[in-house]
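To start, the structure under review is shown below, and the notes come after it.
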Amino acid sequence: MRFGSDGTRSRLKSKAASTEPVALGGLLNGVLSELGLAEKLRECRALQAWKEAAGPAVAARARPLRIRRGRLELAVPSAVWRTQLSFARVDLIRRVNELAGETVVREIVILNQPLEKGLALGT
């Protein structure tokens, strides 16, 4: 460690400190934030958590469409499923956020849309 004539650290030390190893996760988070992708990554994590959070029966009938500004949009095949999921909204939000590791979803919007062939029943 070098010190200047006034007893303070010299610039050489401060430059050396900037070359110390940095955790890759922290570096990636910084890059993603700078590129405006950090929020999209959080949304993707929450979407990936949907199947486990919802459970197999619900996940087979409710397809996540997107998350935008904290709003998870789900497609369900009928009004019956829409009603059933509306009662489970709070619990689903909690479980998705727990599995995502942070609060990403603040609201769920349930839309009546026929499920595309191949997506129903998890096939």
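The numbers here are math on the coordinates, done by the rules we state, and not lab data. Source: prediction; values computed, not measured. Every residue, glycine among them, receives a Cβ derived from its backbone with ideal geometry; neighbour counts consider all protein chains shown.
Taking a sphere under 10 Å around the Cβ of residue 76 and counting the other residues whose Cβ falls inside, with K and R at +1 and D and E at -1, yields a net charge of +3. Taking label points 7 Å from Cα along the Cα-to-Cβ direction, residue 109 and residue 34 give a separation of 3.4 nm.
Applied to the stretch 79-87, the Karplus parametrisation 6.51 cos²θ - 1.76 cosθ + 1.60 on θ = phi - 60° returns per-residue 3J(HN,Hα) values of 5, 4, 5, 4, 5, 4, 6, 4, 6 Hz, with x for Gly and Pro. Under 5 Å from the amide H of residue 65 lie the amide H atoms of 73, 74, 75, each residue being 5 or more positions distant or on a separate chain, with H modelled from the backbone and absent for Pro and chain starts. Sorting 40, 51 from the fewest to the most surrounding beta carbons within 10 angstrom yields 40, 51. Taking amide H atoms as placed 1.01 Å from N in the peptide plane, the amide H of residue 115 has no partner under 5 Å among residues 5 or more positions away or on other chains. Taking the charge dipole of the stretch 38-122 about its Cα centre, with +1 at Lys and Arg Cβ atoms and -1 at Asp and Glu Cβ atoms, the residue from 96, 75, 49 reaching farthest to the positive side is 75. As a rough footprinting exposure proxy, the listed residues 90, 76 were ranked by other beta carbons within 10 Å of their own, and the order from fewest upward is 90, 76.
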